[in-house]
Amino acid sequence: MSAPVMVRAADMAGARRMLRVVDALGAMFVDLAAGRTRSPARTVVEHGDRRVLLVSPAVWEQRAVGSVKVTTLTPDNPVRGLPLIHGIVALTDLETGQITALLDGAELTAVRTGAVAALATRRCTPDDADDLAVIGAGVQAHALVRAVTAVRPIRTVRLYSRTRARAEKLAGLIRDTAPGTVRVRVCDTARDAVADAAIICTATSTDGSVPVVRADWVAPGAHVNVIGGTHPDAVELDPALLADAVTVVEDRTAALDGAGEVRAALADGLIKAEDLYELGGLVSGEVDVTGRTSVLRTVGMAIEDTAAAVALFEEHRTTEQQTGGPAAVPPTKEGVPDGHA
């Protein structure tokens, strides 16, 4: 049996790979909304002081692939000089049962979460939308910038973080790595950052119910990607905005369970469950947001890891073959690689 391919964090970088993940997620969400695939709830094991072990399995039947992600969250790690999140994703071929690839779980999570936001951004904003505001300055905030700049010609990025030094550091990374000439400005307040922005992304570690972004700060017709706080009732965006905006979620049931803004808006009678549109419907064209303010509220789903993993694995294999490197998976007698998804 062939050893699994190792796909490291560096193998997930670049706009081409990001676009491949965005496209794979689009196809997957259409299947999810149509009931052609499923994403079971993850298993969460809490241990010690706020330390968590998570196991997230899913299968994408239409592509004959499955994945299992094992993730650890260790809050004390930053003071040790270690990442908060460690993890690995095992990609499997459903036909043969082979494990075809092992992928860096922390980087995959950042990439696929950014790609989900990019998918919604591509569907909810004009082709020439070029102004981006980001609230938060961590790993996920950077991934969101990489993802959105892959689908829109971003010229201006405005950042806000409660820790200005982190925002300044992220600003430097963006200036060094963003495509083209991108002007980056660190703002003193979240309100200054989001004012008149066409695209807004929130990726903070808030655990409170006080919104980080108020509804009246968001310009009419803007699109907001809300990644969410640290627990199901945490709120980044003012739930009042959901009353007038087109609100898109990955999966309605998952959002009702884990999206703080959705739960708060429902409790306050601002929306009904049927007012939530699933991302699959947006991708397939069933949902029209033309000219309207729109919000994507994500909670993260295991099936997203599966779709992102197969896209990155296939891109990794193609790159190795084009550059004359060793084939990721040896060809079978039929000439099709084992584990082909």
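Using label points projected 7 Å from each Cα along Cα→Cβ, tell me how many nm separate residue 166 and residue 6, to one decimal.
3.0 nm
How far, in degrees from 0 to 90, does helix 164-177 lean away from the longest principal axis of the Cα atoms of the chain, to the nearest 10?
50 degrees
How much area per residue is accessible in the chain when the probe is 1.4 Å and only protein heavy atoms are counted (Å²)? Please list the in-between numbers first.
Details: 15200 Å² over 341 residues.
Solvent-accessible surface per residue comes out at 45 Å².
Please report, as a whole percent, how much of the solvent-accessible surface of region 75-137 comes from carbon and sulfur atoms (probe radius 1.4 Å).
54 percent
If you keep only loop residues by DSSP, which GluC sites (Glu not before Pro) in region 230-301 have at most 16 other Cβ atoms within 10 Å of their Cβ?
Passing both the DSSP loop test and the Cβ count: 286.
To the nearest 10 degrees, how steep is helix 105-124 against the longest Cα principal axis of the chain, on a 0 to 90 scale?
So the inclination is approximately 60 degrees.
State to the nearest 20 debye the size of the charge dipole of the chain about its Cα centre, where the only charges are +1 on K and R beta carbons and -1 on D and E beta carbons.
Computed about the Cα centre, the dipole is about 840 debye.
Using only Cα atoms, tell me the angle between helix 302-322 and the longest principal axis of the chain; keep it within 0 to 90° and round to the nearest 10.
Orientation of helix 302-322: about 60 degrees from the principal axis.
Net charge near residue 172: determine it from the other residues with C-beta under 14 Å of the C-beta of residue 172, scoring Lys and Arg +1 and Asp and Glu -1.
So the surrounding residues net to +4.
Rounded, prolate or oblate: which fits region 30-139, taking a ≥ b ≥ c as square roots of the Cα gyration tensor eigenvalues, rounded meaning a/c under 1.5, else prolate when a/b beats b/c? If you can, show how the numbers build up before the last one.
Working: a/c = 2.08, a/b = 1.04, b/c = 2.01.
Oblate is the answer for region 30-139, as a/c is 1.5 or above yet b/c matches or exceeds a/b.
In whole Å, what is the distance between the alpha-carbon centres of region 28-69 and region 294-324?
With region 28-69 and region 294-324 each reduced to a Cα centre, they are spaced 14 Å.
With each run of n ≥ 4 DSSP H residues scored as -39500 (n - 2.57), what mean residue ellipticity at 222 nm is computed for the chain after dividing by its residue count and rounding to the nearest 500 deg cm²/dmol? Let's see the in-between values first.
Numbers: 10 runs with 117 residues, N = 341.
Rounded to the nearest 500, it is -10500 deg cm²/dmol.
How big is Rg to Rh over the chain, alpha-carbon atoms, Rh as the Kirkwood inverse-mean-distance radius?
Rounded to two decimals, Rg/Rh equals 0.96.
Where Lys and Arg each count +1 and Asp and Glu each count -1, what net charge lies around residue 113 among other residues with Cβ under 13 Å from its Cβ?
0
Compute, for region 119-272, the length of the dipole vector about the Cα centre, with Cβ point charges of +1 (Lys, Arg) and -1 (Asp, Glu) only. Units Debye, rounded to 20.
The dipole magnitude comes to about 520 debye.
Name the residue from 167, 202, 219 whose Cα lies farthest towards the positive end of the charge dipole of region 156-222, charges +1 on Cβ of Lys and Arg and -1 on Cβ of Asp and Glu.
Selected residue: 167.
Could you compute the net charge surrounding residue 20? Neighbours are other residues with a C-beta less than 9 Å from the C-beta of residue 20; K and R count +1, D and E count -1.
-1
The values are calculated or read from the model by the stated rules, or taken from the named source; none is laboratory data. Here the structure is a predicted model, which means the values were calculated and not measured. All Cβ positions, glycine included, derive from the backbone under ideal geometry; neighbour counts span all protein chains shown. Heads up: the accessible areas ignore ligands, DNA and RNA and are worked out on the full protein's heavy atoms, side chains in. Shrake-Rupley method; radii C 1.70, N 1.55, O 1.52, S 1.80 Å.
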